[in-house]
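Take a look at the structure below.
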Amino acid sequence: MEFDTIAAISTPMGEGAIAIVRLSGDEAFSIAEKLFKSISGKELTEEPSHTIHYGHMIDPVSKEVAEEVMVSIMRGPRTFTKEDVVEINCHGGLVSVNRVLQLCLNNGARLAEPGEFTKRAFLNGRIDLSQAEAVMDLIRAKTDRAMNVALGQMEGRLSKLIKRLRQEILETLAQIEVNIDYPEYDDVEEMSHRMLTEKSTYVKKEIEKLLQTSQQGKILREGLSTVIVGRPNVGKSSLLNSLVQENKAIVTDIPGTTRDVIEEYVNVRGVPLRLLDTAGIRETEDIVERIGVERSRKVLKEADLILLVLNYSDLLTAEDENLFEAVQGMDVIVIVNKTDLPQKIDMNRVYELAGQYKVITTAIIEEKGVDELEQAIADLFFTGNIDAGDMTYVSNSRHVALLNQAHKAISDVLEGIDFGTPIDILQIDLTRTWELLGEIIGDTVQESLINQLFSQFCLGK
Ligand code: GDP
């Protein structure tokens, strides 16, 4: 495909030692050549691909030296966009990097739209849509595990699985065509039904497997929204502080998104938790008393995980019992804190109230029991010790929606077989399944969607 040459600052805005202006397109080399004076005296176009060169940026109008730079040149198609790419490394700081960008724009490049480099990689056939979306996830990943998932997706793990399913469907459709074309066999209808049942059941199961990973996938992407509840003084703030201190999360600043100040991200053994801050905790303190069990249940319902804290050295109160009622049916870990003090709590009653929930005893002040708590959190969400590196997670809501639709379509095929629906009608639903799966990897998507997806990227990517 033929595109104009685009340019953008590809490093984050703000102070840094180095900043990079990236150019991509047919004119990338000639634009750089106009502006760059190499120390070696050689022209960039004479240099081999994938090499880096030291020199200066010269303003062609004023003939003044604008910047001291290192220029990397990469000829297509062995580049991110498959086009000719030039990366100009200059000094960090807004003034110098903007000056370099401005020079490029004044000399034939156009400012790239957000995500346009990745969009070109997609349009030029280097990556598929799910891989492109993974690039975005990678930029936003908050934990190592989330990063592994995005990396796996970028390498095309999800794409491979989807492609395999689509291939199965395609072969089935082809086989049905063949059967229909040779009606001399009298058991054609029956044969087609049998094969269709077998293949559709397989495809349906595979889609279900992928959908099952989506809950964990979502958690990995967005963090597990976690609320700490308990009566005043049981040690909620202490628990929060202890979790935050031990598990500093990798937080990436994404230009264009405002970070929510009332949330605290921590990474507990690969599970990213989005914790309410202390102010939020204070608010939940008397939440049940204040707004009643019914309404507080609604408030708490937003949470994926509840840490319910009790005081070991105090009697259980009606308030404690109300909390158990308010969190019924949710993912809860019960924490009995202050075990360093004399026992007053009735542990039998605690276990009775807790039922299925895991109960952990802690003395947070002495850092006791925190490890067990962290393990319990990890166990709750990675049952069977799943390693994200080996799994294909579906974490993107667009993918989940498409998989759900595909699941519906393939279920229609199976239902149709049971009802004795004619083969040509079943073919339509099967083709629809094939199309929906194709949308995940961008085989059958519309241009408007592609534009909208890439516009969510940050500038320069
Ligand atoms: P919150 O009101 O539930 O947030 O409770 P805080 O975290 O503010 O703790 C209340 C008090 O209990 C503070 O003085 C803490 O130092 C103390 N505390 C917290 N955890 C423990 C513990 O495990 N043992 C003891 N003895 N005191 C604790």
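The values are calculated or read from the model by the stated rules, or taken from the named source; none is laboratory data. Predicted, not measured: the structure shown is a model, and the values here were computed from it. Heads up, the Cβs are rebuilt from the backbone with ideal geometry, glycines too, and the neighbour counts pull from every protein chain shown. Surface accessibility is based on the protein's heavy atoms, side chains included, excluding ligands, DNA and RNA. Shrake-Rupley method; radii C 1.70, N 1.55, O 1.52, S 1.80 Å.
Key figures for this structure:
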{"read-out": "Residue check for ILE291: within 16 Å of the ligand (Cβ to nearest atom) and either modelled with pLDDT under 85 or open to solvent by less than 70 Å² (accessible area, probe 1.4 Å) (or both)", "value": "no"}
{"read-out": "Hits in region 334-366 (condition: open to solvent by 30 Å² or more (accessible area, probe 1.4 Å) and among the small types (Gly, Ala, Ser))", "value": "GLY355"}
{"read-out": "Matching residues in region 96-147 - criterion: being β-branched (Val, Ile, Thr), in a helix (DSSP H, G or I) and at pLDDT below 80", "value": "VAL135, ILE139"}
{"read-out": "Subset of region 294-317 (residues that are open to solvent by 50 Å² or more (accessible area, probe 1.4 Å) and modelled with pLDDT of 90 or more)", "value": "ASP314, LEU315"}
{"read-out": "Qualifying positions in region 39-52 - touching a residue at least 24 places away in the same chain (Cβ under 8 Å) and either in contact with a helix residue (DSSP H, G or I) (Cβ under 9 Å, 6 or more places away or on another chain) or surrounded by 22 or more Cβ atoms within 10 Å (Cβ to Cβ) (or both)", "value": "LEU44"}
{"read-out": "Any hit, region 88-102, residues being free of Cβ contacts under 8 Å to residues at least 24 places away in the same chain and open to solvent by 20 Å² or more (accessible area, probe 1.4 Å)", "value": "yes"}
{"read-out": "Hits in region 238-270 (condition: at pLDDT 80 or above and among the small types (Gly, Ala, Ser))", "value": "SER238, SER242"}
{"read-out": "Total residues in region 16-38, condition buried (at least 16 other Cβ atoms within 10 Å of the Cβ) and part of a strand (DSSP E or B)", "value": "8"}
{"read-out": "Number of the exception - ILE365 against (1) over 28 Å from GLU302 (Cβ atoms); (2) modelled with pLDDT of 95 or more", "value": "(2)"}
{"read-out": "Region 25-37 residues that are under 20 Å from ARG120 (Cα atoms), paired with ones that are surrounded by fewer than 16 Cβ atoms within 10 Å (Cβ to Cβ) (beta carbon under 7 Å, 6 or more apart)", "value": "GLY25/ASP4; PHE29/THR45"}
{"read-out": "Members of region 342-372 that are among the aliphatic types (A, V, I, L, M), in a helix (DSSP H, G or I) and touching a Leu at 6+ places or on another chain (Cβ under 9 Å)", "value": "VAL350, LEU353, ALA354, ILE364, VAL370"}
{"read-out": "Test for LEU211: is it at pLDDT 80 or above and either more than 16 Å from the ligand (Cβ to nearest atom) or open to solvent by 70 Å² or more (accessible area, probe 1.4 Å) (or both)", "value": "yes"}
